[in-house]
Structure formats: structure tokens, C-alpha cells
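Structure record follows, encoded as C-alpha cells.
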Amino acid sequence: MAIVLIRQDGKIDVWKNALLKADPNLKVYSYLEEHPKEEIKMALIWKHPEGSLATYPNLQCIASAGAGVDYIFEDASVPSQVAITRVVDPYLASDMSEHVLAAILAELKNFNTYKLQQTQDDWKPKDYRRIGDVTVGIMGLGELGALTAMDLVKAGFTVQGWSRSENSLEGVIPFSGDTELKVFLKGCDFLVCLLPLTPETTGILNRGLFTKLPQGAYVINVARGGHLVDDDLLEQLDNGHLSGACLDVYHQEPLPTSHPFWKHPKIFMTPHYASVSDTNSVVPQILINYKNLSEGKELMNVVDKEKGY
Ligand code: NDP
Ligand code: OXD
């Protein structure tokens with residue numbers, strides 16, 4: 001019984017070392033080295049090469065090293081009987097919450113405008129807004145969205161939350177389902193997308209949705225590039241309906257330098273690094289699942305394949 005690590009971002013050794021530090025007796029391989037494929041029971045992956053998972057005849061668990069699993073469903077060759085798990089981790093949630101708070105405060109206190117003015121030697125004070133006067137709407141109240149919403153409440157914002165099923169988080173004004181989306185959007189000065197990417201949520205951040213936001217709303221997409229219709233965002237920024245956007249995720253990553261987002265004065269970009277799985281924190285849950293697998297016990301953080309998240 002063994003684990004294979006599959007990822008293409010140069011971080012295989014970091015994960016391998018963290019796994020071996022936690023359990024020196026573990027049999028763990030990089031997919032790039034010679035390894036006995038029939039021994040592999042678990043694949044710990046992040047954005048694997050398409051088709052690579054189908055080459056393990058005895059695979060029982062595909063463990064996403066991140067919270068999102070959309071990239072696994074995109075690979076039609078993934079064996080359908082294999083369980084998929086994902087990361088649920090307190091640091092992943094608190095790092096996201098801090099990132100969203102930073103993005104909102106930077107806009108409220110005009111840091112984005114001042115950075116632009118600084119490049120133009122322009123001294124021009126601009127009125128700032130107060131936390132207590134602002135409503136933030138969070139789309140997706142899962143592991144990340146719920147903590148982000150509650151932290152924003154603690155910071156003094158008025159917070160609305162929207163999810164598929166009914167929700168009740170202390171201090172968060174609840175909305176759910178398609179029927180309540182319009183009234184949810186109407187109140188959002190800031191809109192934060194923390195939805196998983198599924199067929200239902202693909203392209204959800206589009207012209208129809210943006211025009212239901214109040215004039216001057218600011219959009220933060222920290223979920224997946226596939227949620228956003230890029231041209232609709234550009235249109236709504238350029239016609240002045242939206243005041244700006246903070247983006248961490250894109251249709252193509254790294255975003256090609258020819259993409260209009262790079263030079264857009266109203267867009268603040270970060271390179272898909274809002275919140276990253278911390279190996280020290282995540283390795284224990286991978287090892288618990290690996291042990292559960294070997295003992296035929298139930299796995300933790302299993303993805304619902306019907307729902308796609
Ligand atoms: P969860 O699966 O815990 O939560 C998903 C939430 O979205 C749930 O509240 C769910 O509703 C809601 N939802 C799903 N589909 C719909 C729908 N069709 N309409 C309305 N609400 C819907 O996800 P996480 O919080 O763990 O992560 C969210 C996403 O964040 C990940 O999928 C990933 O793409 C992204 N991410 C980005 C990172 C970054 O660095 N930029 C880092 C980590 C994650 P319900 O509760 O009713 O099921
Ligand atoms: C994740 C991510 O899904 O980093 O964990 O985007």
C-alpha cells in the first residue's frame with residue numbers, strides 16, 4: 001500500500017518531506033519517479049496531468065491537496081468508483097478570511113486609488129468609507145465563506161450570506177437559492193465569491209448578476225476564474241456601474257500578460273494565493289484518511305460527487 005504525489009507546481013518534494021516527517025515508514029512516491037503502480041491506494045494531488053489518475057489500477061482515494069475539486073471533475077478519465085476527498089483546514093479558512101478583509105479595507109480606505117495616484121505623482125485626497133456603513137455579501141457559506149462572514153461581522157460590517165440551502169450564522173443575514181439571489185445582491189456594497197466551481201455556478205458572476213448590485217459595488221472573486229465572465233466584468237467596470245474588482249483566480253493561470261485585467265486601473269490582482277494549504281496543518285488529516293483507508297474505515301472530508309463539491 002502506497003501514496004503517489006501528483007502535482008506540476010514544483011512542490012512535490014515539500015509534500016513528500018512533510019509526509020515522511022510525520023511518518024518515516026510511509027511508502028510515498030512522486031509520479032515522476034519509477035514506482036509500483038499497483039501498490040498505490042491513495043493519490044495526493046493538485047492540478048494533475050489529465051489522464052494520470054487512470055493509470056493506477058488499485059486506486060481507492062483521490063485526495064485533493066486543496067479545498068477545490070473542480071479540476072478533478074474536469075478530467076473525464078478519473079475512475080468513477082474512487083472516493084474524492086478535499087482539504088478542510090482551519091488555516092485555509094482563516095487565511096482566506098484575512099485576505100478578504102484586507103481586500104475590503106484596501107478599497108474602503110482608498111489604498112487602491114492612492115497606489116495608482118502614486119505612480120502618477122498625484123496628491124489627491126479622496127473621502128473614505130467606514131466599516132459600519134458597509135454591507136458585504138458572501139456567496140458560498142461553506143468552510144471558507146462561513147468563517148469569512150463571521151469574521152466580517154466581528155469586524156463591524158453588516159454581512160449577508162447566500163448559499164444553496166438555508167443557512168443560519170450568528171449575525172449574518174441569511175439568503176438562499178435562486179429565488180433570493182436578487183434581493184441578496186441588491187444590498188451588497190461588496191460582493192465576495194466563495195462558491196465551488198460546478199456546472200450551476202460556472203459563469204455566475206456575469207452581466208445579469210452585476211447589474212443587480214447597487215451602483216458602485218465592488219467585486220471580490222477568490223473562488224475560481226470559471227465563476228467570472230471576464231468581458232462582463234470589464235464592461236461593468238468601464239461603464240462605471242462597478243467601482244472595482246479584486247481577483248485572485250482566473251480562467252487561465254498564470255494569466256497571460258496580454259489579458260486586459262493586468263493593466264486595468266480598477267482591477268487589483270493577486271496570483272491565486274489568497275489561501276494555500278499549509279503542509280504541516282494538512283498532512284495529519286491526509287494520514288488519518290490513509291489509515292482509515294487501510295482499515296476499511298470511513299474517510300473524512302469526502303466530496304459529494306452528485307453536488308460536485
Ligand atoms: P464548501 O464546499 O465548504 O462550501 C461551498 C458553499 O457554496 C456552500 O455554502 C454551498 O451551499 C455553496 N454553494 C454551492 N453550490 C451553490 C449554488 N449552486 N448556489 C448557491 N450556493 C452554492 O467550500 P469551501 O468553503 O471549502 O471552498 C469554496 C471554494 O473556494 C473552493 O471550492 C475553491 O474553489 C475556493 N478556494 C480558493 C482558494 C484561493 O486561494 N483562492 C483557496 C481555497 C479554496 P450549501 O451550504 O447549501 O451546500
Ligand atoms: C484550493 C485552492 O482550492 O488553493 O485550495 O484554490
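The values are calculated or read from the model by the stated rules, or taken from the named source; none is laboratory data. Model, not experiment: these values are computed from the prediction. Using ideal geometry, Cβ is built from the backbone for each residue, glycine included, and neighbour counts are taken over all protein chains shown. Ligands, DNA and RNA are excluded from the accessible area calculation, which covers all protein heavy atoms including side chains. Shrake-Rupley method; radii C 1.70, N 1.55, O 1.52, S 1.80 Å.
One residue stands out among those in the stretch 167-216 that are in contact with an Asp or Glu (Cβ under 6 Å, 6 or more places away or on another chain) and of a type outside the set (D, E, K, R): the one that is farthest from K307 (Cα to Cα), which is N206. Checked against (1) within 11 Å of ligand 1 (Cβ to nearest atom); (2) without any contact (Cβ under 8 Å) to a residue 24 or more places away in the chain; (3) open to solvent by less than 70 Å² (accessible area, probe 1.4 Å); (4) not charged (D, E, K, R), S165 passes all but condition (3).
Among the residues of the stretch 178-190, the one identified as near ligand 1 (Cβ under 10 Å from one of its atoms) and exposed (fewer than 12 other Cβ atoms within 10 Å of the Cβ) is D178.
Taken together, the criteria place D278 among residues that are within 15 Å of ligand 1 (Cβ to nearest atom) and open to solvent by 40 Å² or more (accessible area, probe 1.4 Å).
Condition first: in a helix (DSSP H, G or I) and closer than 14 Å to L191 by Cα. Now tell me which residues in the stretch 238-255 satisfy that. Lay out the reasoning, then the answer.
First, pick out the residues of the stretch 238-255 that are in a helix (DSSP H, G or I): 238.
Passing the criteria: none in range.
Count, please, the residues in the stretch 176-191 that happen to be touching a strand residue (DSSP E or B) at 6+ places or on another chain (Cβ under 8 Å) and either assigned to a helix (DSSP H, G or I) or farther than 27 Å from H99 by Cβ (or both).
Step one: filter the stretch 176-191 for residues touching a strand residue (DSSP E or B) at 6+ places or on another chain (Cβ under 8 Å), giving 176, 180-181, 183-185, 187-191.
Now narrow it down to the ones that are either assigned to a helix (DSSP H, G or I) or farther than 27 Å from H99 by Cβ (or both): 180-181, 183-185.
Here the count works out to 5.
For residues that are open to solvent by 60 Å² or more (accessible area, probe 1.4 Å), under 19 Å from the mean Cα position of the chain (by Cα) and more than 12 Å from ligand 2 (Cβ to nearest atom), scanning just the stretch 245-275, find the one that is farthest from L205 (Cα to Cα). Outline the logic, then answer.
First, the residues of the stretch 245-275 that are open to solvent by 60 Å² or more (accessible area, probe 1.4 Å): 251-254, 257-258, 260, 262-263, 265-266, 268, 271, 273.
Then keep just the ones that are under 19 Å from the mean Cα position of the chain (by Cα); that gives 251-254, 268, 271, 273.
In the following step, the residues that additionally are more than 12 Å from ligand 2 (Cβ to nearest atom) were identified as 251-252, 254, 268.
Values: H251: 13, Q252: 16, P254: 20, F268: 17 Å.
It comes out as P254.
Test A149 against the criterion of being part of a helix (DSSP H, G or I) and touching a Cys at 6+ places or on another chain (Cβ under 6 Å), and give yes or no. Can you show your working first?
On the way: part of a helix (DSSP H, G or I): yes; touching a Cys at 6+ places or on another chain (Cβ under 6 Å): no.
So A149 fails the test.
Would you point out the residue of the stretch 117-129, among those that are under 34 Å from the mean Cα position of the chain (by Cα) and surrounded by 10 or more Cβ atoms within 10 Å (Cβ to Cβ), that is nearest to V192 (Cα to Cα)? Only one residue tops the list, namely R129.
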